[in-house]
Amino acid sequence: MTNTELKSRWLKARNAIIEHDYSGLNAEQLSAVKTTEGALLLLAGAGSGKTTVIINRIANLIKYGCASDSEEIPQDANEEKLALMEKYLDGFSDEYKAEAEAIAAFHPVEPWRIIAITFTNKAAQELKERLQKKLGEKAGDIWASTFHSACLRILHREIEQLGIFSSNFTIYDTNDSLSLIKHIMKELDYDEKKFPARSIISRISASKDEMISAEEFAAKAGPDPWKRMVGEIYLEYTKRMREANALDFDDLILYTVKLFMECEDVREHYQNYFKYVLVDEYQDTNMLQYKLVSLLSGKRRNICVVGDDDQGIYKFRGATIENILSFEKQYADCRVIRLEQNYRSTEYILNASNSVIKCNSERKGKQLWTNNGRGEKLTLYLAANENDEAQYIASQILNAVAQGGSWNDFAVLYRMNAQSNQLEHAFKRNGIPYKVFGGMKFYDRAEIKDMLAYLCVINNPDDDLRLTRIINVPPRGIGDKTISTALEIAARNGTSLFEVIKNARNIDELGRSAPKLVIFANMIDEIRDELPSLTLEELYDMLLAKTGYLSALEEKNTQEDITRAENVRELKTNIIAFVKERGGLGNLTEFLDEMALYTDMDDAEKDASYETLMTMY
């Protein structure tokens, strides 16, 4: 047999083995799984099985490497191995399966060299679970995570190279950032009624997305009063964040990008570390996320982005559909595959959606189709008013459940949260169980934020924002004036609030409050001293005992405080579950990281039976 004939038959047999292994996929899905090298734009329509493709594409990389997308064959290829592959293909006998598939592999990829990024914790968890089911233990080494958690993992290891933050930094969620902005506005004598804090934080967030620093923003503000005010607040916000050793959500991505841009050795390490980069929901990426992904994949250019240009809904959050629309310009040699077969909907639904979306000028273009049959026609109900609308929806649900349906067969979407009022009223009146997403979450409750604030201060005493929140909770006789004075001293001396209260006896301005401040600081230090020898569960028990937080709630004995006490105990249950998931190895920093990155939909119980109410966003 000539070398040319050997190569030809080898490639044919190898391809046939791989295609047989993924024979459950349709033609486009299989093509996406087999396309491993270079840039790939996967336009995945709604219900087209994109997660199935992602899972199988990762499995293909780990099992077969680049075999399905390469014209090369191994140096040790010979007629004996070819014969075994062809023997397996003759009847797909289990006797030859394992050996034939192993021969078909070409440069199989180590799991840890693959990073798969998605947007929500819930989506990342689903990805991990499905990878675990498909790959077993190997799945644990894949970087399957959100943008924020991937950046967090990198920053904890590398951020000190920037010379700004230490590795035990704190994460401020949206409410924390908003609270700090309001505090700064009050100090600078800006009226929040005239200048909403949310508008200011949105402008700061947009500037970070464009990589415009506080100094650059302030310098370019010019005579515009609004820009000058935002610039002044942005400068102070940045200063306070650095003093507190704290990062907000935007910073997690911003400083990772800065690391890659400014530290060549760090950039090269991760470009070499990750051989394949995969990004889900690419239509929802903003400019910073786009830069992050470009830098990560910059060396090998093995990047697969999965998205749907017809589902870009996060423009208000900085996402730009341009990232997916211009992908082919950035990667001139990229391949484009469209997943257009829909497995979720019927013809009537798809025809309606195709008719609507074709009016959108900013799209790549695709036509969803299905084998699911025509299905039921869509219903349009013109309600007389909000109450009539809510009653109609309730009656439709009740009728469907009476005919054997389940409560969680339904979701009600509306434009803004305020519109849930009439729906909730109708559901309560008709005994329909429901849950509103976007309302008060467990981790947004005051008592939970208090306990997490305590844990944050124990982890990072320089966190002035969290320290200010809990220094007099429960009451310790430390008033607002004392806290304000201590903050002024800290700002004047360029130190943290904790350092001030720790040394309060040596500061005349703090007067009679000094002993109370020192007692509090000593309590925090005592708990910190025990950190190395305590489990997270034991740490939480010690925190409750020393602060008196739980006993203070129990002593009040009102229904509200009883509920709050139950929530405080429930947090311990979450801590126990967190540690258990990590085989008993979870530490305080990791727990706080996970809590900070928690999203609204992560609160949904997997098997709960209720109506889901949420905004379309």
Quote the relative contact order of the chain in percent (integer), defining contacts as alpha-carbon pairs under 8 Å separated by 6+ residues.
-> 15 percent
In region 340-431, which trypsin sites (Lys or Arg not before Pro) fall in coil by DSSP and have 15 or fewer other Cβ atoms within 10 Å?
-> Arg344, Lys358, Arg374, Lys377, Arg415
Note down the magnitude of the dipole of region 81-163 about its Cα centre, charges +1 on Lys and Arg C-beta and -1 on Asp and Glu C-beta and zero elsewhere, to the nearest 20 debye.
-> 320 debye
Karplus 3J(HN,Hα) series, Hz, for region 489-501 with 6.51 cos²θ - 1.76 cosθ + 1.60 (x for Gly, Pro) = 5, 4, 5, 5, 8, x, 10, 8, 4, 4, 4, 5, 6
Find out how many positive minus negative residues lie around Pro196, taking Lys and Arg as positive, Asp and Glu as negative, among other residues whose Cβ is under 15 Å from that of Pro196.
-> +4
FRET efficiency estimate (nearest 0.05) - Cβ-Cβ, Thr174 to Asn587, R0 25 angstrom | 0.50
With a point put 7 Å past each Cα toward its Cβ, work out how far Glu187 is from Glu110 in nm, to one decimal.
-> 4.7 nm
Distance from region 110-157 to region 447-504 (C-alpha centre basis), Å = 36 Å
Which of the listed residues, Gly49, Ala59, Ala27, is farthest toward the dipole's positive end in region 5-99, when Lys, Arg count +1 and Asp, Glu count -1 at the beta-carbon?
-> Gly49
Looking at region 189-279, which GluC sites (Glu not before Pro) are DSSP coil and have at most 14 other C-beta atoms within 10 Å of their C-beta?
-> Glu192, Glu210
Give the share of C-alpha pairs in each 10 angstrom bin for region 348-486, from 0 to the last occupied bin, in whole percents, shortest bins first.
-> 9, 22, 20, 18, 15, 13, 3, 0
Assigning unit charges at the beta carbon (Lys, Arg +1; Asp, Glu -1) and nothing else, what dipole magnitude in debye, to the nearest 20, does the chain show about its Cα centre?
-> 960 debye
Figure the gain on full extension for Phe195 and Arg415 (residue separation times 0.36 nm, minus the Cα-Cα span) and round it to one decimal in nm.
-> 76.7 nm
Angle between the chain longest axis and helix 121-135 axis [Cα atoms, degrees, rounded to 10] | 40 degrees
Positive-end residue of Asn372, Leu585, Thr468, charge dipole of the chain with Cβ unit charges = Asn372
What is the distance in Å between the Cα centres of region 3-60 and region 255-307?
-> 24 Å
Thinking of the chain as a set of Cα atoms, what percent of all their pairs are more than 47 Å apart?
-> 26 percent
Computed lengthening from Leu380 to Arg492, 0.36 nm per intervening residue step minus Cα-Cα distance = 33.9 nm
Trypsin sites (Lys or Arg not before Pro) within region 514-593: DSSP coil, no more than 16 neighbouring Cβ in 10 Å = Arg582
P(r) of region 1-94 over all Cα-Cα pairs, binned every 5 Å from zero, in whole percent | 2, 12, 22, 20, 18, 12, 7, 4, 1, 0
Helix 446-459 vs. the chain, principal-axis angle (Cα, 0 to 90°, nearest 10) | 90 degrees
Using 7 Å Cα-to-Cβ label points, what is the His156/Asp90 separation (nm, one decimal)?
-> 5.4 nm
The long-range amide H neighbours of Asp248, using H built 1.01 Å from N in the peptide plane and a cut-off of under 5 Å, are Tyr172
About its Cα centre, region 500-557 carries a charge dipole, from +1 on Lys and Arg Cβ atoms and -1 on Asp and Glu Cβ atoms, whose size in debye to the nearest 20 is 360 debye
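Here, each number is a calculation from the coordinates, and none is a lab measurement. In this text the structure is predicted, and so the values were computed from the model without any measurement. Cβ atoms come from the backbone with ideal geometry, glycine included; neighbour counts cover every protein chain shown.
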